[in-house]
Amino acid sequence: MAKSNFRFQVYQLVEKIPKGQVWTYGQIARRLGKPRAAQAVGNALHENQSLKIPCHRVVNQKGFLATNFGQGGWQEQAKRLKAEGVKFISKKKVVLLY
DNA sequence: CGAATGACAATCT
DNA sequence: TAGATTGCCATTC
């Protein structure tokens, strides 16, 4: 497929997310040099959903899980995050370490 | 090639 | 402070 460089960058970054750590789209976008590309980052994961990357460790700025997460929905994502040792403030809200 | 969509974020009221 | 609106970026139709 296309494998645009931008998407590749997103995957590389998401793969580097340490276990038990949750990143936000804004942080990733900012790291890629596009502070406003948060949606593009989320889009890259949604369009690909490679299952090879810990996309479940990526949440929005509010700390809430993705609204339309694949593979079973946010509950599946939350389940994986809990298995990683991530702390949850709510059923669908994780602890963001600023 | 142009327009529309989307797992977001920031700003304004 | 909370809610609503606009803007941004890349991918897809």
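Which pairs turn up if I take residues in the range A:54-77 that are free of Cβ contacts under 8 Å to residues at least 60 places away in the same chain and look for partners that are outside any strand (DSSP E or B) and hydroxyl-bearing (Ser, Thr, Tyr) with beta carbon separation below 7 Å, at least 6 apart in sequence or on another chain?
As it stands, the answer is A:58/A:25; A:60/A:25, since those pairs meet every condition given.
Filter the range A:1-36 for residues that are hydrophobic (A, V, I, L, M, F, W, C), more than 17 Å from residue A:76 (Cα to Cα) and touching a residue at least 24 places away in the same chain (Cβ under 8 Å) and give the result.
A:6, A:10, A:14, A:17, A:23, A:28, A:32
Determine if the range A:42-55 includes at least one residue that is near DNA strand B (Cβ under 8 Å from one of its atoms) and touching a His at 6+ places or on another chain (Cβ under 9 Å).
Yes, the range A:42-55 contains a residue that is near DNA strand B (Cβ under 8 Å from one of its atoms) and touching a His at 6+ places or on another chain (Cβ under 9 Å).
Examine the range A:53-63 for a residue that is touching an Asp or Glu at 6+ places or on another chain (Cβ under 6 Å) and surrounded by 14 or more Cβ atoms within 10 Å (Cβ to Cβ), and state whether such a residue exists.
There is at least one residue in the range A:53-63 that is touching an Asp or Glu at 6+ places or on another chain (Cβ under 6 Å) and surrounded by 14 or more Cβ atoms within 10 Å (Cβ to Cβ).
Within the range A:84-98, identify whether any single residue is of a type in the set (S, T, N, Q) and closer than 16 Å to residue A:10 by Cβ, and answer yes or no.
no
Being without any contact (Cβ under 8 Å) to a residue 60 or more places away in the chain and either of a type in the set (Lys, Arg) or at positive phi (or both) is the filter here, so list the residues in the range A:78-91 that pass it.
A:79, A:80, A:82, A:87, A:91 - these are the residues of the range A:78-91 that are without any contact (Cβ under 8 Å) to a residue 60 or more places away in the chain and either of a type in the set (Lys, Arg) or at positive phi (or both).
Against the condition more than 15 Å from DNA strand C (Cβ to nearest atom) and charged (D, E, K, R), how does residue A:15 come out, does it pass?
Criteria met by residue A:15.
Values quoted throughout were computed directly from the atomic coordinates according to the rules given, and no laboratory measurement underlies them. Note that the structure is a prediction, hence the values are computed from the model and not measured. Heads up, the Cβs are rebuilt from the backbone with ideal geometry, glycines too, and the neighbour counts pull from every protein chain shown.
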